[in-house]
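Chemist: Take a look at the following structure, please.
The values are calculated or read from the model by the stated rules, or taken from the named source; none is laboratory data. Every value quoted in this text rests on a predicted model; they were computed, and no experiment measured them. Counting neighbours? That spans all protein chains shown, and the Cβs are built from the backbone with ideal geometry, glycine included.
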Amino acid sequence: MSLPKPASVRIAAGNAGHRPIPEPLAIIEGAAGLPPEPPESLGEAGKAVWVRIWPTLRAWAVADLDIGLVMRYCQAHELRETLRDRVKGVQTRGSRGQMRLNPIIIEIGRLEDRMLRMEHELGLSPAGRSALRIETKKPAPIRKLDKYISEPS
């Protein structure tokens, strides 16, 4: 079963099924307000992710309720960076001298799978926004002449 298409896509396609189109729960217009302060327990990489995603999340996330998931997502980013720094090669020697895939790379893959699920839950991916019925407003198209009009002479 495929994910439902966003209302804007169904409208643009002409709503072929003629079924009612649900109203979006939220419409993202861009960053609004300041993000909550990142927890002291987060490192540099986690704090950078925190500051980057909260302006978008503020459109639909409730800081008091969703802060745990956002914190775990930021911690996962930190862990991924730490694991990437520790990888010395794609392969390593096994217990019997055979070449095998580095276990750190396997763990990075597992971690990224968990991160994808968190991104979906938080609405940070296109599929996640579609599942939450959140639509993004497209910015007005920029014309080539706008560059010359907005710059002072």
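Chemist: Which of the residues spanning region 107-135 are in contact with a Pro (Cβ under 6 Å, 6 or more places away or on another chain) and either among the basic types (Lys, Arg) or surrounded by fewer than 14 Cβ atoms within 10 Å (Cβ to Cβ) (or both)?
Modeler: Hit for region 107-135 is Arg133, nothing else.
Chemist: Test Arg58 against the stated conditions and say whether it is surrounded by 15 or more Cβ atoms within 10 Å (Cβ to Cβ) and modelled with pLDDT under 85. Talk me through it step by step, then tell me what you get.
Modeler: Values: surrounded by 15 or more Cβ atoms within 10 Å (Cβ to Cβ): yes; modelled with pLDDT under 85: yes.
Against the criterion (surrounded by 15 or more Cβ atoms within 10 Å (Cβ to Cβ) and modelled with pLDDT under 85), Arg58 qualifies.
Chemist: Can you tell me which residue within region 114-146, out of those that are at pLDDT 80 or above and hydroxyl-bearing (Ser, Thr, Tyr), is farthest from Pro22 (Cα to Cα)? Spell out the reasoning first.
Modeler: Going residue by residue through region 114-146, those that are at pLDDT 80 or above are 114-131.
Checking which are hydroxyl-bearing (Ser, Thr, Tyr) leaves us with 125, 130.
Working: Ser125: 20, Ser130: 12 Å.
Among them, the one singled out is Ser125.
Chemist: Which of the residues belonging to region 111-132 are closer than 21 Å to Thr82 by Cβ and touching a His at 6+ places or on another chain (Cβ under 8 Å)?
Modeler: If the condition is that a residue be closer than 21 Å to Thr82 by Cβ and touching a His at 6+ places or on another chain (Cβ under 8 Å), then Met115 is the only one that fits.
Chemist: Among the residues of region 41-58, count how many are within 15 Å of Glu119 (Cα to Cα) and either among the aliphatic types (A, V, I, L, M) or touching an Asp or Glu at 6+ places or on another chain (Cβ under 7 Å) (or both).
Modeler: Total satisfying the criteria: 4.
Chemist: For region 2-24, indicate whether the set of residues that are surrounded by 13 or more Cβ atoms within 10 Å (Cβ to Cβ), under 22 Å from Leu132 (Cα atoms) and modelled with pLDDT of 85 or more is non-empty.
Modeler: no
Chemist: Among the residues of region 25-55, count how many are surrounded by 12 or more Cβ atoms within 10 Å (Cβ to Cβ) and modelled with pLDDT of 75 or more.
Modeler: Selection size over region 25-55: 16.
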